[in-house]
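This report refers to the structure that appears directly beneath it.
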Amino acid sequence: MRQGYDGIVVAAPVTIPYARYSVHGAHHWLGRALHGLVQAAHLAPKDLDGLCVSSFTLGNDTAIGLTQHFGLSPRWLDHIPMGGASGVVALRRAARAVQAGDADIVACVAGDTNAPDSFRATVAGFSRFAIDAALPYGAGGPNAAFALLTDAYMRATGATREDFGRIAVSQRDNARGFPHALLRSALTMDQYLAARMVTDPVALFDCVMPCAGAEGVLVMRESTAKNLGLAYAYLRAAIERHNAFPDDPIQLRGGWAMDRDELYDMAATTPDRIGLLQTYDDYPVIVMLQLEGLGFCAPGEGPEFVRTHDLRLAGDFPHNSSGGQLSGGQAGAAGGYLGLTDALRQLTGAAIGRQIAGLQRALVSGFGMINYDRGLCSGAVILEAV
Amino acid sequence: MIRHPGNPTILPAAPLVPPAARSRTAGGLAVAASQGRFALQVCADCGRSQYPPREACVGCLGARLNWRDVPTGGVLSAASTVRISSDPYFRQHTPWRMGSVRLDCGVDAMVHLHRDCAVGGRVSMVLKLDKAGQGVMVALPETDINAMQSDPKFRAFTCDPAGRRVLVTDGRTTFGQAAARALIAAGAEVFLGIAAPWHPFPGQNDLPGTPMTLDLTDGISVQNAAAAIGARVDIIVNTSGYFRPGAGDARAAMEVSYFAALRLAQLFVPALQARAGDGTHPACAWVNMIGINGLVPDPAASLASAANAATLALVRALRPTMRPLKLINAFVGPLDDQWHQALPPPKTSTAQFAQAVIAALRDGVEDIAVGDIARHILAQWHDNAAITLHA
Amino acid sequence: MSSLAAFAADLAAGSLKIVDLTQTLAPDFPTIVLPPQFGQCAPFRMEVISRYDDAGPGWFWHNISVGEHTGTHFDAPVHWVTGKDLPNNTTDTLVVQNLIAPACVVDCSKDAANNGDYLLTVATLEAWEAKHGKIPAGNWVLFRSDWSKRSGADYANVLEDGAHTPGPDAAAVQWLVDRGVLGLGVETIGTDAGQAHTFTPMYPAHTLMHGAGRYGLQCLCNLDQLPPTGAMIVAAPLKILGGSGSPLRVLAIVPA
């Protein structure tokens, strides 16, 4: 049995409101997130002795360059290039650093900028395998990779477009109460189904809107949080897995299935006691894989699960409380933090939108890096209210 | 019938290319595609096939990954149609069908997908050169032997002469005349270049196609021809060259080979390149007849070796700059002509050359060897270029 | 008044005129073509160096390349093996006094214009002398065939057994050599007839003329504008080191 994360807490959720396009660089957005963290925790920048950064649009800079850019002298530093898994992985690593005494207060931030051509440029140079073996086949970017997964998933499970629509429509409903979301106008199932095809069977409302933005949290010991007078939640369990099931012809499962039992064992809980599920939702099919992989339903039963549950904040299975990336926008690597910051707000009673009453436990899942034909990173954390 | 390009009152489709960047290792796909082979890296230690191209074996981490022909079968795992692409080339060509194939050799590949391939069904894989000159995976129906032609989208990978206008540069030779005849039979309209028309030559009274004055050793002549037909020609088949044994007039040899190709490159081919995205039958290829001695020098033909090597180096250097055109090297062995009377067979015949050019255009390959000698030498070169050149 | 001053005055007054006997030096002008196993004379080629462009913003010029025996050209005695050891036999050592000389124009156009196998014979030359007087030593003899009025394939007139163009027979050449002529000028690509490889000796105009240190002029035109006698020919080849000939501008000065 792995050592737990006793006494480690997460505090000070910061979301820098997203913008469709920004004239500023990623440094600007990450700087604002750090500024938000020190302000929220009434700290001076020098009090941050740990820093963990994720971003796609820093150019040649990595976390080390940012220390000088931002005037920080951390004694623990990490750079996590894992896209949608960055939040989960950052939390896991920062928690161990604090637990071991390598750092006292770790600022975990993710952010990206977005100019009209940023997304195309990121896709065009994403990875060696993508350049060699994915981009030349229509240059559909992640849409194309997920279209293939969606096509295969529909054939394997009998999922319909309407099933994916339930995810998108319910999240839009959640976003209507979340002022930072870029897409807050009502979305009906008819509108979802009538949307134009982008890359069959992925249609417009299955895709996220690239944008600029940043997110951040602080990781520290419970005693530190108390001294600072911060609201916080406990980190109870964390898993990560990379390049799981590499021999599957096409990705119909993520790495969660390999580690999920350990996740719940560490947190001494079960799926039915999770009050809020924050999945990584850059396409609805990946939400299905998470529902199945994290044990909320059996493999292949994702479609039936979304048909029989109400995924809205007020429903019987609250999911993606801020509307997720499908409504909020995808601010690059910050998309890997989106569920984390809002879960923390919900667990500390500081919801921006509708507060889930009596929430005890949230599961935040991450998924990232379509290096070639499938997402390589998967991970999850369970956070628990005080 | 010659298909005309689009509306002449609007800007033609620009000659764009699909994403061209690749790792150096992935260049092996283009090498295989240029020869019409289906080859992947195979681990010399554990025998596992690799894709995408790698630097270490995905099975055993061994570094000895060699390009080997692998089985072409596979099963289509999933399919999609890209309707919105961020890439300007594909924006011209959407909707674009693609898919994911589990190959019989165990790897998964994203593929360009023939319209008749069904998910769950078996497919037959080929490597083709795309308009960027890179090797790409193409999945075809197993049963359709004419598959590259039966999906109109796949015209992007081939240069079928049917419906296209072709300039054959040197109609003074029987090779040029034979190529012209074969191209006409394949459905092309042919212009046949004739240098120094005041000087008689065999076959002059029965020339195929539309003869026109063209002397590749004279820049003014090339310029005039380009002005006359450059806006209409879709394919150039350059049969000018120096293919004689022994020594001779080196300057003259370079004039009919290297300088001839250079003048085409400077004065004529740009007109093709500009129209390489336009209409249903865009300009698509420049074929050069090149002695295989340009690749592996022949002591019995030192001058031709140097002249052909110069042409070959020029074509290879120009290739990346001439996309989306295909620059096809048609390597010939000793020709079955008067200059090689004393040489025993096999020799490259006019018929072999003409049919090989048609096949290369239809298949969209870029390096072909015509006849047994050229094929043998090219095989030796592929097997071990260093030994071949040393010997 | 000196004779030169009178000459200048006559030119200025228009009582003397200049006739250009030169074909335009162009890439597509036919050249002599030897059997393929022999080396070939390079045709004229020109390439722009700059044309008021980035290679030369304010000027326009070409690089040219050409064989010594391309276009309207001069044959020096060293051109033929029979003249290889003679003095002053190359373009740079020619006696410059010879580069301006009078000409006798033998008009055979009536019979030669439509006959590629027409041969200039001693009889024709003697008939000419009977009419115009003895050909003086040191004169050019210009053989008018009107073939310069043809072009392209008609001009080269190459058939399966080689070129068929008018020229002198061997006896006529020897007769001219004996008269002490400066050289023979023709409108066709060679001073010899197209079929002169079948003559004895082969190529008599080259063999005998150059063997005797005489010159040749080829690819002339406008001979129909010259009088039978009395024209002065200015024919100065390029001063090529050890050269066997050169393209040149040939001018005739004739009474108006």
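What FRET efficiency comes out for the pair residue B:313/residue B:280, r = Cβ-Cβ distance, R0 = 35 Å, nearest 0.05? Before the final figure, lay out the partial values.
Values: r = 34 Å, r/R0 = 0.98.
Efficiency at R0 = 35 Å is approximately 0.55.
Would you mind computing the Rg to Rh ratio of the protein assembly as shown from its alpha-carbon coordinates, Kirkwood style for Rh? Each step should come with its number before you reach the end.
On the way: Rg = 41.5 Å, Rh = 34.7 Å.
Rounded to two decimals, Rg/Rh equals 1.19.
Amide H of residue B:13: which non-local residues (sequence gap of 5 or more, or other chain) have their own amide H closer than 5 Å, using H built in the peptide plane?
Under 5 Å from the amide H of residue B:13: B:279.
With θ set to phi - 60° and the Karplus curve 6.51 cos²θ - 1.76 cosθ + 1.60, what are the ³J(HN,Hα) couplings of the stretch A:346-353 in order, to the nearest whole Hz, using x for Gly and Pro?
For the stretch A:346-353, the Karplus-derived couplings read 5, 6, 9, x, 10, 4, 7, x Hz, x marking Gly and Pro.
Taking square-rooted eigenvalues a ≥ b ≥ c of the alpha carbon gyration tensor, is the stretch C:101-256 rounded, prolate or oblate, where a/c under 1.5 means rounded and, failing that, a/b exceeding b/c means prolate?
Details: a/c = 1.21, a/b = 1.15, b/c = 1.05.
The shape class here is rounded.
Taking amide H positions as placed 1.01 Å from N in the peptide plane, with prolines and chain starts having none, which residues 5 or more places from residue C:188, or on another chain, fall under 5 Å of its amide H?
Result for residue C:188 returns C:219, C:220.
For a test of the definition: using alpha carbon positions, the gyration tensor, and the 1.5 limit on a/c, classify chain B as rounded, prolate or oblate.
Taking the square roots of the gyration eigenvalues as a ≥ b ≥ c, chain B is oblate.
Compute the Cα gyration tensor for the stretch A:92-188, then decide on rounded, prolate or oblate, letting a ≥ b ≥ c be the square roots of its eigenvalues: rounded whenever a/c is under 1.5, prolate when a/b is larger than b/c in the other cases, and oblate in all that remain. Before the final figure, lay out each step's value.
Values: a/c = 1.71, a/b = 1.25, b/c = 1.37.
Taking the square roots of the gyration eigenvalues as a ≥ b ≥ c, the stretch A:92-188 is oblate.
For the pair residue A:46/residue B:362, report the inter-label distance in nm, with labels modelled 7 Å from Cα in the Cβ direction.
Simple spin-label model gives 8.0 nm for this pair.
Counting helices only, and only those DSSP H runs with n ≥ 4, report the 222 nm mean residue ellipticity of chain A as the sum of -39,500 (n - 2.57) divided by its residues, in deg cm²/dmol to the nearest 500.
On the way: 14 runs with 139 residues, N = 386.
My calculation for chain A gives -10500 deg cm²/dmol from helical runs alone.
If you place +1 on the Cβ of every Lys and Arg and -1 on the Cβ of every Asp and Glu, how big does the dipole about the Cα centre of the stretch B:165-390 come out, in debye to the nearest 20?
Working: 15 positive and 17 negative charges, 73 e Å.
Using only the charged Cβ atoms, the result is roughly 360 debye.
List every residue whose amide H lies under 5 Å from the amide H of residue B:48, counting only residues 5 or more places away in sequence or on a different chain, with H placed 1.01 Å from N in the peptide plane.
Residues meeting the criterion, in which the H sits 1.01 Å from N, are B:43.
Using the Cβ atoms and a cut-off under 9 Å, what net charge is assigned to the surroundings of residue C:204, where Lys and Arg are +1 and Asp and Glu are -1?
On the way: positive: none; negative: C:169, C:192.
Net local charge, residue C:204 excluded: -2.
Could I have the simple spin-label model distance between residue B:13 and residue C:240, label points 7 Å from Cα toward Cβ, reported in nm to one decimal?
The modelled label-to-label distance comes out at 5.4 nm.
Please get the size of the charge dipole for the stretch B:1-152, origin at its Cα centre, with Cβ charges of +1 on Lys and Arg and -1 on Asp and Glu, quoted in debye to the nearest 20.
Around 260 debye, computed over the stretch B:1-152.
Could you give the dipole magnitude of chain A about its Cα centre, charging the beta-carbon of Lys and Arg +1 and that of Asp and Glu -1, in debye to the nearest 20? Don't skip to the answer; put the middle values down first.
Numbers: 30 positive and 37 negative charges, 156 e Å.
Magnitude of the dipole: close to 740 debye.
Send over the semi-axes of the stretch A:62-108's equivalent ellipsoid, whole angstrom and largest first, taken as the square roots of 5 times the C-alpha gyration tensor eigenvalues.
Numbers: eigenvalues 60, 50, 9 Å².
Square roots of five times the eigenvalues give 17, 16, 7 Å.
Work out Dmax and Rg for the stretch B:165-390 from the C-alpha atoms and quote the Rg first, both in angstrom.
16.3, 49
State log₁₀ I(q)/I(0) for chain A at q = 0.06, 0.08, 0.12, 0.15 Å⁻¹ as given by the Debye formula over alpha-carbon point scatterers of equal weight, solvent excluded.
Normalising to I(0) and taking log10 leaves -0.20, -0.35, -0.84, -1.38.
Size of the stretch A:337-380 along its principal axes in angstrom, Cα-based, largest extent first?
If we take the Cα atoms of the stretch A:337-380, the spans are 41, 17, 11 Å.
Each residue of the stretch C:157-162 in order: what ³J(HN,Hα) in whole Hz does its phi give by Karplus 6.51 cos²θ - 1.76 cosθ + 1.60, θ = phi - 60°, with x for Gly and Pro?
The phi angles translate into 6, 8, 10, 4, 9, x Hz.
Give me the percent of Cα-Cα pairs in the stretch B:27-156 that sit more than 17 Å apart, rounded to a whole number. Don't skip to the answer; put the middle values down first.
Values: 4912 of 8385 pairs.
The share of Cα pairs beyond 17 Å in the stretch B:27-156 comes to 59 percent.
Take peptides B:294-307, C:124-137 and line them up by average Cβ neighbours within 10 Å, highest first, as a rough protection proxy. Mind dumping the intermediate values first?
Values: B:294-307: 19.8, C:124-137: 14.1.
With the highest mean Cβ count within 10 Å placed first, the list reads B:294-307, C:124-137.
By how many nm would the segment from residue C:137 to residue C:159 grow when fully extended, if each residue of separation counts as 0.36 nm and the alpha-carbon distance is taken off? It would help to have the intermediate numbers written out before the result.
Values: separation 22, 0.36 × 22 = 7.92 nm, distance 3.67 nm.
Additional length available on full extension: 4.2 nm.
Angle between the Cα long axis of helix B:371-383 and the longest principal axis of chain B, 0 to 90 degrees, nearest 10?
On a 0 to 90 degree scale, this one is about 50.
What percent of all Cα-Cα pairs in the stretch B:256-381 falls into each 5 Å bin, going from 0 up to the bin containing the maximum distance?
Spelled out per bin, shortest first, that is 2, 11, 20, 23, 20, 13, 7, 4, 1, 0.
How would C:2, C:151 line up from fewest to most surrounding beta-carbon atoms within 10 angstrom? Spell out each step's value before the answer.
Working: C:2 7, C:151 13.
Ordered by Cβ neighbours within 10 Å, fewest first: C:2, C:151.
Can you work out ³J(HN,Hα) from phi for every residue in the stretch C:145-150, in order, using Karplus 6.51 cos²θ - 1.76 cosθ + 1.60 and θ = phi - 60°, giving whole Hz and x for Gly and Pro?
10, 6, 5, 5, 7, 8
How would A:126, B:90, C:38 line up from fewest to most surrounding beta-carbon atoms within 10 angstrom?
Details: A:126 20, B:90 23, C:38 9.
If I rank by nearby Cβ atoms, fewest first, I get C:38, A:126, B:90.
For the residues A:282, B:278, what sequence is obtained by ranking on other C-beta atoms within 10 Å, fewest first? Can you show the working numbers first?
Values: A:282 26, B:278 18.
If I rank by nearby Cβ atoms, fewest first, I get B:278, A:282.
Just going by the charge dipole of the stretch B:1-127, with Lys and Arg at +1 and Asp and Glu at -1 on Cβ, which of B:101, B:23, B:82 is farthest out on the positive end?
B:82
Helix-only estimate, please: 222 nm mean residue ellipticity of chain B, summing -39500 (n - 2.57) across DSSP H runs of length 4 or more and dividing by its residues, to the nearest 500. Don't skip to the end; give the middle numbers.
Details: 12 runs with 110 residues, N = 391.
About -8000 deg cm²/dmol.
Compute all pairwise cysteine Cβ distances in chain B, then list the cysteines with no distance under 4.7 Å to another cysteine.
Unpaired cysteines in chain B: B:105, B:117.
Determine the principal axes of the Cα atoms in the stretch B:101-195, then give the extent along each, sorted from largest to smallest and rounded to whole angstroms.
55, 23, 19 Å, listed from the longest principal axis down.
Each value in this text was obtained by applying a stated rule to the coordinates, not by laboratory testing. Being a predicted model, the structure only gives us computed values, none of them experimental. Glycine also receives a Cβ, built like all others from the backbone with ideal geometry; neighbour counts cover every protein chain displayed.
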